[in-house]
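Okay, structure first, notes after.
The values are calculated or read from the model by the stated rules, or taken from the named source; none is laboratory data. All of these numbers come straight from a predicted model, not from anything done at the bench. Every residue, glycine among them, receives a Cβ derived from its backbone with ideal geometry; neighbour counts consider all protein chains shown. To get the accessible areas, we keep the full protein, side chains included, count just its heavy atoms, and leave off ligands, DNA and RNA. Shrake-Rupley method; radii C 1.70, N 1.55, O 1.52, S 1.80 Å.
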Amino acid sequence: QAHSLTLATPTRVAMSHACAARHSCSSVVAVISHRGRAALLRRFSSAARAPPVIDLSPLRDGGLSSSSPLVREVADACEQWGFFQVVNHGVDEDLCARAEEQQRAFFALPMEVKECMRRSADNSRGWYNDELTKQRRDWKEGLDFGSTPPMDWSLADADARNGTLDGYNRFPPADLLPSFRPTMLEYYDALAGVATGLARLFSLGLGMPADFFEPYLRRTQHTSYLRLNYYAPYTGEDPTQLCISPHKDAGFLTVLRQDVGCHSLQVRDRQGPDGGGGGGGGG
């Protein structure tokens, strides 16, 4: 769906060969990082080229036009990489820390609790540990939840008004993780705000009005979801196993949170010797 946004965040794990994933972007991927972490993609890249680090401060200041340096910088990153890292994006560090804390707590829940939230044929939102990428099983757990038609978080998740083509949101029981749902919904809204700002930059970079995409990205219109990924240290014997195989993201835009503790994300370089081969760390 051309107007969907994917908001993804990984749980940090120990560095291992099984943490690696390789992106060859069809949608645009923007990695969010905080001050002091801006050079991670370049620092952990083995290639001379690396995806750019872009300061979004001017976006919050307003008054941008198609000739603004930030617009050109983002347009160049989209054309050359389809992937870039952003700093000064406006997502509060405390919120990111709280979201990570809740995410860790969720994946640490007993398996029988998570099994009650498993995705099913009639509801593709929820927990899973059996996803395939390129017809190969991933070494990870995940949890998907996302937008609803009314986008009214005060409604119960099972309320009929929240039904979508892919089902209903499912969260862990409030008596086990009382802060999980409110924290994650706050985090979702913050990342959706970053995505909306980036869409305005895309519009300007394409020579269109800044609000060109907004009819498709209104709060009650878009079909975004937030995916929590847990890439556990690999314990098997297959040296070729990856947490997730090389892939292209679907949709319009992915906003991915930078993980300081596991620098294994790789990005395909279109100018590499095989049309791939470039890299960057920090997934």
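Counting protein heavy atoms only, the range 111-153 has 50 percent of its accessible area on carbon and sulfur, 1.4 angstrom probe.
So if I place +1 on the C-beta of Lys and Arg and -1 on the C-beta of Asp and Glu, and nothing else carries charge, what would the dipole magnitude of the range 94-234 be about its Cα centre? I want it in debye, nearest 20.
360 debye
Relative contact order for the range 70-217: 27 percent, from Cα pairs under 8 Å spaced at least 6 residues apart, divided by residue count. Evaluating 6.51 cos²θ - 1.76 cosθ + 1.60 at θ = phi - 60° for every residue in the range 142-150, the Karplus couplings come out as x, 9, 10, 8, x, 5, 10, x, x Hz, glycine and proline recorded as x. Working from the alpha-carbon coordinates of the range 178-229, get Rg over Rh, Rh being the Kirkwood radius. Rounded to two decimals, Rg/Rh equals 1.08. Per residue, the accessible area of the range 99-231 comes to 48 Å², computed with a 1.4 Å probe over protein heavy atoms only.
In the range 38-158, what percentage of the DSSP-assigned beta bridges are antiparallel, given to the nearest 5?
On the way: 6 of 10 bridges.
If we restrict to bridges inside the range 38-158, about 60 percent are antiparallel.
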